[in-house]
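Enquirer: Please see the structure below; I have some questions.
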Protein chains: 2
Amino acid sequence: MLEKKVRMMPLDQIEIRDGFWKEYMELVRCHVIPYQWEALNDRIEGAEPSHCMQNFRVAAGLQEGKFEGMVFQDSDAYKWLEAVAYSLMWHPDEELEATADGAIDVIAAAQRPDGYLDTYYILNGLEKRFTNLTDNHELYCLGHMVEAAVAYYKATGKRKFLDTAAGYVNCVYEHIGIGEGKKPGYPGHEVAEMALVGLYEITKDPRHLALAKYFIDQRGQQPLYFAKEREENQNSWYWHDSYFQYQYYQAGLPVREQEKAQGHAVRAVYLYTGMAEVASATEDAELFAACERLWKNITEKQMYVTGAIGASEYGESFTFDYDLPNDTVYAETCAAIGLIFFARRMFEITKDSRYADVMERALFNGVISGMSLDGKRFFYVNPLEAVPEASEKDYRKRHVKVERQKWFGCACCPPNVARLLSSIGGYAYECSERELYMNLFIGGDMKAVLDGKENRIHVETRYPWDGEVRIRIENESDSAFAYAIRVPGWCDDFRVKVNGEVVEAERKKGYVSLDRVWKNGDEIQVTMAMPVVLVAANPRVREDIGKVAVMRGPVVYCLEEVDNGGQLQELYLREHPEFEVAYEPELLKGVVTLTTQGLRLSEENWGEETLYRPYSGRTFTEQTLKFIPYYAWTNRKVGEMLVWVRI
Amino acid sequence: MLEKKVRMMPLDQIEIRDGFWKEYMELVRCHVIPYQWEALNDRIEGAEPSHCMQNFRVAAGLQEGKFEGMVFQDSDAYKWLEAVAYSLMWHPDEELEATADGAIDVIAAAQRPDGYLDTYYILNGLEKRFTNLTDNHELYCLGHMVEAAVAYYKATGKRKFLDTAAGYVNCVYEHIGIGEGKKPGYPGHEVAEMALVGLYEITKDPRHLALAKYFIDQRGQQPLYFAKEREENQNSWYWHDSYFQYQYYQAGLPVREQEKAQGHAVRAVYLYTGMAEVASATEDAELFAACERLWKNITEKQMYVTGAIGASEYGESFTFDYDLPNDTVYAETCAAIGLIFFARRMFEITKDSRYADVMERALFNGVISGMSLDGKRFFYVNPLEAVPEASEKDYRKRHVKVERQKWFGCACCPPNVARLLSSIGGYAYECSERELYMNLFIGGDMKAVLDGKENRIHVETRYPWDGEVRIRIENESDSAFAYAIRVPGWCDDFRVKVNGEVVEAERKKGYVSLDRVWKNGDEIQVTMAMPVVLVAANPRVREDIGKVAVMRGPVVYCLEEVDNGGQLQELYLREHPEFEVAYEPELLKGVVTLTTQGLRLSEENWGEETLYRPYSGRTFTEQTLKFIPYYAWTNRKVGEMLVWVRI
């Protein structure tokens, strides 16, 4: 019942040709991936060295030296390899593959005879390994290695990296777990859980699934491993004073007992993704119920309208229900990506469009806001309200940057954006033997084997700027399958025609499923009305009372100072605004802008010298408000930005 | 031109008998002062020991031991002695005076032959003295010693403590300053500046004024002493990363060049108070212009409606113009008290009611909010919006307590409240030879020598609950003087009668000055209309847009959960609310409450499961809103509180 009903369509069967997404993919392929390789090898002038590949070479005995960099430095290489793998799937590149093979050779050479492979401990003393699972990221590096190795195997069919990763997994399996001589630990930073299920799907080695399941089951069990480990090894600990304590790691309670998303947001959604994988692979209904509960808590109480999560910079963490400050927000790019990971698994198990809705929301807003339009600068933090002076002078907003930062070293968000965007096709299309699910509306061509036959599917759309999607099916002989099209949660007027005829299809869990015999040349035409919608937040969200967010389709809009002047808090929408909707090809690489006659609370009669005075109603002046897509903010000029506007 | 035109009326000439203030004074006298003495002597069960008097005893050789406590621990004894001095002025108490004399004996016994007196360095090595003026509070302790010694001399006429303090001042004068063998330093935490001018007024020793003037003039001069000191002594420094850098100490620029209030708020207003004192004592117009500029910056751009200052917990500091967050606020009780110190000097130099207006605003709101109605618990931080769950779970609000804290040790705010409240009479009345200024409306009796004759002045009022003030003058023979009554900035309808006759007096700088020959039994009747006023903030104050604060007279009101339910952000005032104004004698020791029919943004149709949905206007339900005075919040039950209410 919990097995995955559908799977990502293999990336090598998807050729994306889309006005919106293709450029992002090409930025990743042509800019981010090569740049990152230089960074991993300390060849970026003026940048702090990464030491990442150097650590592997030193551990492999290919070079003299000592460990340098962060304790999780190895993972940067793995994230790069994963992005490379996806990129190779849709854009074969012998030179890049050779470079990756070379990197894998070095990594494999660093592996110890028993399979162990973490350069921090190899170089600092193996006797200390597995003594600080809480904070030293050994199992986090393992997770990213497995993620990358699985992807690289799928991309190239080469087993070397997969075997290396499986070797480290098997070594961990010998040392971590329940039983004589084993330590009952689990990862401080989750990711291995989901990775191991992916590995198991290839290897079918029962140890691989068992280890994933063990990591999930053991987490948060009493006596608490992290507390014991800390005492025994006298490890320092940062979260003494914190509200969340071990819930920073989602390890304060057994996962099945967790009711609310807590602690470090990226870790949390990585864990929940792993829980969904294990629940599916082991048909564990109780565990799946926990996934649903946590999903509901996030999306109904702790998610920004941009799909971003993590309200607080302290611990990069969730805080509490309805606490969604716009200006001191954390909203890490990686956390929104992690939410997409979680969403995809939940969709694959349930075929419910609610999950894909969140996936789309996060993707078009909280994720791509993290990268500049030229692919060269990145945000970790994605605020919904920004004031440059506040970011400079207000300590509680010091993490909120008003310009994306040049990315020098290797760190989490840029490679995470890279691996997501270079695999975006797989998020758009999922399939089973006789079903094809279209979750994202992305133009291009696919080859899909359905009903045992190869079908070519050609998609044209200007989404998200336009709600028209045209799909043409080409096949050698008729094939019977269901083409399921997601009816987006934001869409009130969704129409489908097949070969020009209106189809009144039943909706199942948010999909219009066209189940029929498809003939060569059949055409589906989807028309989604895409009006501008004002969105209100639940009144319990203190920060959004009296305000609305402006959306059109999946895209959240914002006001920027460059278009609207400063003091954006003074701007009001009229109660029933009429918007001019215009596609501006020259603006921000082509966006639809929204313009309306609004109001500005008048500063007249105040002067600079009056801070308080008796209230005598509000006076406004007319002002044109121009909204641009949120994801594109601060690509022109640094200034104020605002998503939630007064009304 | 800058000499003080008026002076505080001596406290021994004022007998306060006032329904509102007398109880505070008695709380200080009967509870706070005795409790603090126990604390200074480490006799509070279950409390961290203060070590304060012990340090003095050890330094005096009366006891074995070492220095314990904070580097500024000495200052706690001085603050206590200052509060005692004021209390003795209006309530002579032989036993208390004997206790104070005993403390002074111990303090004096700790003094070194050269006058030096800081137990931290006496016990940790005198060779290190004056090597960390930036952070080690030697000159801060000096300042508080002088403040206390001056007060104690005025209260008792005893010179011992004054001579001890002058001895330390003279020692500092030999070591700190410009010239051969001197260090060109100045206090890291200001207070000595104002204290030294007070000392000079008694001693007339030119060194005492010169040292005050030097501290002011030298501050922030290049090369920066604090930077040099840090390098030379390899002192650590906390503010490397900060925006304000040396402006944390108001020492990044010469004080005459400072345009905005910056850095630690208490230090800032203590400095400005000292600047005003020195400007007055030395007729320094340029320095006074800096005081006026900084005053304007604070009161026109950086002051809460409660008179509180200091927007940020980081550095307990000012941030930038119009940045006045209500929920993450610092608004330290001591900073509001410091603003009152500054205001009083500015008033004494200018006789302008603007300064007394701010004094009153801070006193009735930002200061007394710091103490519970039973005098046993204190706030350092005085938020204008509080949510218990946020204070627990949101790290950026962890400093915002929703219950006043039991005061165990000796620290800044409680003794500061004590010294202010026990000298409140002096803030109410200021006089010159032929002028009497009434700044605060406090009931009681005064003896004032005016026109060379003794006058008794009897004041009756229920202020701040009522705007009627009756003043009766009693004298043996007619006396000609000006009775100047402040017309509060909040008051639009201010009427004065003398002996029942309406007087149309000219207003001078915000005062109605009744300059006439007063006969025994003359009566002045002041009637201030006291409607409920909604107050709006300048639109540049982001946090207050679309909201108003409710005031009546000088009192700022708030909503509490106990009266209005939770989710206070959902409450709206009607555009033209009508208030029921009721004095409730049993509530919160007697307060006027304000009740009105307001609205609550409806949660109906939202349910718990919807976080966002299309906006379709707002729906409200009727709700009675009950406001209580802000200062009295969280004296009943912990819960939400809100000052700025939506309208």
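Enquirer: For region A:585-606, check the following and say yes or no: at least one residue is surrounded by fewer than 18 Cβ atoms within 10 Å (Cβ to Cβ), within 12 Å of chain B (Cβ to nearest Cβ) and in contact with a helix residue (DSSP H, G or I) (Cβ under 9 Å, 6 or more places away or on another chain).
Expert: yes
Enquirer: Please count how many residues of region B:561-573 are assigned to a loop (DSSP other than H, G, I, E, B) and under 15 Å from residue B:549 (Cα atoms).
Expert: Going through region B:561-573, the residues assigned to a loop (DSSP other than H, G, I, E, B) turn out to be B:565-567, B:573.
Next, from what is left, pick out any that are under 15 Å from residue B:549 (Cα atoms): B:573.
Adding up the residues that qualify gives 1.
Enquirer: Across region B:117-167, which residue is most open to solvent (accessible area, probe 1.4 Å) among those that are within 20 Å of residue B:97 (Cβ to Cβ) and among the small types (Gly, Ala, Ser)?
Expert: Per the criteria, the residue is B:157.
Enquirer: Take residue B:562 and tell me if it is over 28 Å from the mean Cα position of the chain (by Cα) and at negative phi.
Expert: yes
Enquirer: Follow-up. Please count how many residues of region A:607-634 are in contact (Cβ under 8 Å) with a residue 12 or more places away in the chain, in a loop (DSSP other than H, G, I, E, B) and open to solvent by less than 50 Å² (accessible area, probe 1.4 Å).
Expert: 2
Enquirer: Go through region A:312-348 and give me each residue that's farther than 24 Å from residue A:391 by Cβ and either within 11 Å of chain B (Cβ to nearest Cβ) or touching a Lys or Arg at 6+ places or on another chain (Cβ under 7 Å) (or both). Break it down into steps so the answer makes sense when it comes.
Expert: Within region A:312-348, the subset farther than 24 Å from residue A:391 by Cβ is A:320-322, A:338-348.
Hits for region A:312-348 are A:320, A:321, A:322, A:348.
Enquirer: Looking only at region A:366-396, which residues are of a type in the set (Ser, Thr, Tyr) and either outside the structural domain of residue A:327 (by TED's automatic domain parsing) or in contact (Cβ under 8 Å) with a residue 24 or more places away in the chain (or both)?
Expert: If the condition is that a residue be of a type in the set (Ser, Thr, Tyr) and either outside the structural domain of residue A:327 (by TED's automatic domain parsing) or in contact (Cβ under 8 Å) with a residue 24 or more places away in the chain (or both), then A:369, A:372, A:380 are the ones that fit.
Enquirer: If you don't mind, another one. Any residue in region A:187-207 that is in a helix (DSSP H, G or I), over 30 Å from residue A:93 (Cβ atoms) and open to solvent by 20 Å² or more (accessible area, probe 1.4 Å)?
Expert: Yes, there is a match, as at least one residue in region A:187-207 is in a helix (DSSP H, G or I), over 30 Å from residue A:93 (Cβ atoms) and open to solvent by 20 Å² or more (accessible area, probe 1.4 Å).
Enquirer: Provide a single number: the residues in region B:19-78 that are part of a loop (DSSP other than H, G, I, E, B), open to solvent by less than 30 Å² (accessible area, probe 1.4 Å) and within 30 Å of residue B:467 (Cα to Cα).
Expert: Selection size over region B:19-78: 1.
Enquirer: For the subset of region A:218-262 comprising residues that are of a type in the set (Ser, Thr, Tyr) and open to solvent by less than 60 Å² (accessible area, probe 1.4 Å), which member is nearest to the other protein chains (Cβ to nearest Cβ)?
Expert: Applying the filter and picking the extreme gives A:242.
Enquirer: Let me ask something else. Do we find that residue A:515 is within 24 Å of residue A:440 (Cβ to Cβ), outside any strand (DSSP E or B), touching a residue at least 24 places away in the same chain (Cβ under 8 Å) and not polar (S, T, N, Q) in this structure?
Expert: In short, no.
Enquirer: Another question, then. Any idea which of (1) more than 27 Å from the chain's Cα centre (by Cα); (2) more than 14 Å from every other protein chain (Cβ to nearest Cβ) is the one residue B:539 doesn't satisfy?
Expert: (2)
Enquirer: Still on this model: Being touching a Pro at 6+ places or on another chain (Cβ under 9 Å) and of a type outside the set (A, V, I, L, M) narrows it down to one residue among A:394, A:451; which is it?
Expert: Numbers: A:451 fails: touching a Pro at 6+ places or on another chain (Cβ under 9 Å).
The unique qualifying residue is A:394.
Enquirer: So, one more: What is the residue count in region A:40-52 for residues that are closer than 16 Å to residue A:102 by Cβ and either touching a residue at least 24 places away in the same chain (Cβ under 8 Å) or among the small types (Gly, Ala, Ser) (or both)?
Expert: Summing the residues that are closer than 16 Å to residue A:102 by Cβ and either touching a residue at least 24 places away in the same chain (Cβ under 8 Å) or among the small types (Gly, Ala, Ser) (or both) in region A:40-52 gives 2.
Enquirer: A follow-up question, please. Within region B:277-294, count every residue that is under 22 Å from residue B:246 (Cβ atoms) and within 18 Å of the chain's Cα centre (by Cα).
Expert: Residues in region B:277-294 being under 22 Å from residue B:246 (Cβ atoms) and within 18 Å of the chain's Cα centre (by Cα): 2 in total.
Enquirer: Another question, if that's okay. Just one of the numbered conditions (1) modelled with pLDDT under 95; (2) within 21 Å of residue A:376 (Cβ to Cβ); (3) among the hydrophobic types (A, V, I, L, M, F, W, C) is not true of residue A:70; which one?
Expert: Every listed condition holds for residue A:70 apart from (2).
Enquirer: Looking only at region B:525-550, count how many residues are under 13 Å from residue B:384 (Cβ atoms) and assigned to a strand (DSSP E or B). Break it down into steps so the answer makes sense when it comes.
Expert: Within region B:525-550, the first condition is being under 13 Å from residue B:384 (Cβ atoms), and the residues that meet it are B:535, B:537, B:541, B:543-544, B:547-550.
Then drop every residue that is not assigned to a strand (DSSP E or B), which leaves B:535, B:537, B:547-550.
Total satisfying the criteria: 6.
Enquirer: While we're on this one: Quick check, is residue B:127 part of a helix (DSSP H, G or I), touching a helix residue (DSSP H, G or I) at 6+ places or on another chain (Cβ under 7 Å) and over 19 Å from residue B:51 (Cα atoms)?
Expert: no
Enquirer: Something else about it: All but one of (1) out of contact with any Cys (no Cβ under 6 Å at 6 or more places or on another chain); (2) assigned to a helix (DSSP H, G or I); (3) open to solvent by less than 10 Å² (accessible area, probe 1.4 Å) hold for residue A:391, so report the exception by its number.
Expert: Status for residue A:391: all satisfied but (3).
Enquirer: Out of curiosity, is residue B:467 touching a helix residue (DSSP H, G or I) at 6+ places or on another chain (Cβ under 9 Å) and of a type in the set (Gly, Ala, Ser)?
Expert: No, not satisfied.
Enquirer: For the condition open to solvent by less than 20 Å² (accessible area, probe 1.4 Å), away from chain B (no Cβ under 14 Å) and at pLDDT 95 or above, what is the one hit in A:548, A:498?
Expert: Unique residue meeting the criteria: A:498.
Enquirer: Next question. Based on this model, can you work out whether residue A:53 counts as modelled with pLDDT of 95 or more and under 26 Å from the mean Cα position of the chain (by Cα)?
Expert: It is true that residue A:53 is modelled with pLDDT of 95 or more and under 26 Å from the mean Cα position of the chain (by Cα).
Enquirer: Filtering region B:463-495 down to residues that are small (Gly, Ala, Ser) and part of a loop (DSSP other than H, G, I, E, B), which residue is least open to solvent (accessible area, probe 1.4 Å)?
Expert: Within region B:463-495, the match that is least open to solvent (accessible area, probe 1.4 Å) is B:467.
Enquirer: Looking only at residues in region A:552-578 that are of a type in the set (A, V, I, L, M) and within 12 Å of chain B (Cβ to nearest Cβ), which one is surrounded by the most Cβ atoms within 10 Å (Cβ to Cβ)?
Expert: This residue is A:556.
Enquirer: Suppose we keep only residues that are assigned to a loop (DSSP other than H, G, I, E, B) and basic (Lys, Arg) within region B:574-606. Which one would you say is nearest to the chain's Cα centre (by Cα)?
Expert: Filtering region B:574-606 down to residues assigned to a loop (DSSP other than H, G, I, E, B) leaves B:574-579, B:585-590, B:602-606.
Next, from what is left, pick out any that are basic (Lys, Arg): B:574, B:589.
Numbers: B:574: 34, B:589: 23 Å.
Ranking the candidates gives B:589 first.
Enquirer: Something else about it: If I ask for residues that are within 14 Å of chain B (Cβ to nearest Cβ) and in contact with a Pro (Cβ under 8 Å, 6 or more places away or on another chain), which ones from region A:612-647 would you list?
Expert: A:640, A:641
Enquirer: Mind listing whichever residues of region A:430-443 are open to solvent by less than 10 Å² (accessible area, probe 1.4 Å) and in a strand (DSSP E or B)?
Expert: Scanning region A:430-443 gives A:430, A:436, A:438.
The values are calculated or read from the model by the stated rules, or taken from the named source; none is laboratory data. Computed from a predicted model, the values in this text were never measured in an experiment. With ideal geometry, Cβ positions are generated from the backbone for all residues, glycine too; neighbour counts draw on all protein chains shown. These area figures cover heavy atoms from the full protein model, side chains too; ligands, DNA and RNA do not enter into them. Shrake-Rupley method; radii C 1.70, N 1.55, O 1.52, S 1.80 Å.
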